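**Student:** If you scroll down you'll find the structure; I have some questions about it.
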Amino acid sequence: MPDQEAYFVVSPETGTSKSSAPLKMTCRTEVTTLECEDARIGELISKVDILTQEVEDLISLIKDAGIVSPKDITSSKVIIVEEMDKSTAKQRVFDFIREHKTSDIEELHENIKCDIRVLTEIIDELCAEGAILGE
């Protein structure tokens, strides 16, 4: 390994010595790992900045087109969905409905946090199965 120095450190109290090479290698590994993680965080921050700009541009286009009122756009919620398989999402929907007795799609989406298309499929399936009543 290049850049590897091996030397011994003598303890004044005990007079014993030990090699510092393993410690230096561990420190270099840790520093390299932190540098890689720092670079990855920087990449993610850049991507978030780009996405933020894209969302702002889309909001501007929507406002300019008059599709919805500016108030509706600024009061919209962002729901971060979790990756989950459909059976997990279906069980969560069933449990939520059982506990709360009633819910609308927005409330389910906020609480279940699955993809909205999957959520609508699940609701349709549960209604067809008679597990929940839909309107």
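The numbers here are math on the coordinates, done by the rules we state, and not lab data. Please read all numbers here as calculations on a predicted model, not as lab measurements.
**Student:** Expected output is a single nm value to one decimal: the length gained when fully extending between THR32 and ASP49, i.e. 0.36 nm times separation in residues minus the C-alpha distance. What is it?
**Tutor:** Details: separation 17, 0.36 × 17 = 6.12 nm, distance 2.58 nm.
Contour length minus Cα-Cα distance gives 3.5 nm.
**Student:** For each pair in LYS63/LYS101; LYS63/LYS113; LYS63/LYS86; LYS47/LYS77, compute the distance between the two Cα atoms and list the pairs where it is over 30 Å.
**Tutor:** Working: LYS63/LYS101 37 Å; LYS63/LYS113 27 Å; LYS63/LYS86 35 Å; LYS47/LYS77 20 Å.
Listed pairs above 30 Å: LYS63/LYS101; LYS63/LYS86.
**Student:** Cα gyration tensor of the stretch 86-129, axes a ≥ b ≥ c as square roots of the eigenvalues: rounded (a/c below 1.5), prolate (a/b > b/c) or oblate? Intermediate values should be presented prior to the final figure.
**Tutor:** Numbers: a/c = 1.34, a/b = 1.07, b/c = 1.26.
Rounded shape, in that the Cα axes give a/c under 1.5.
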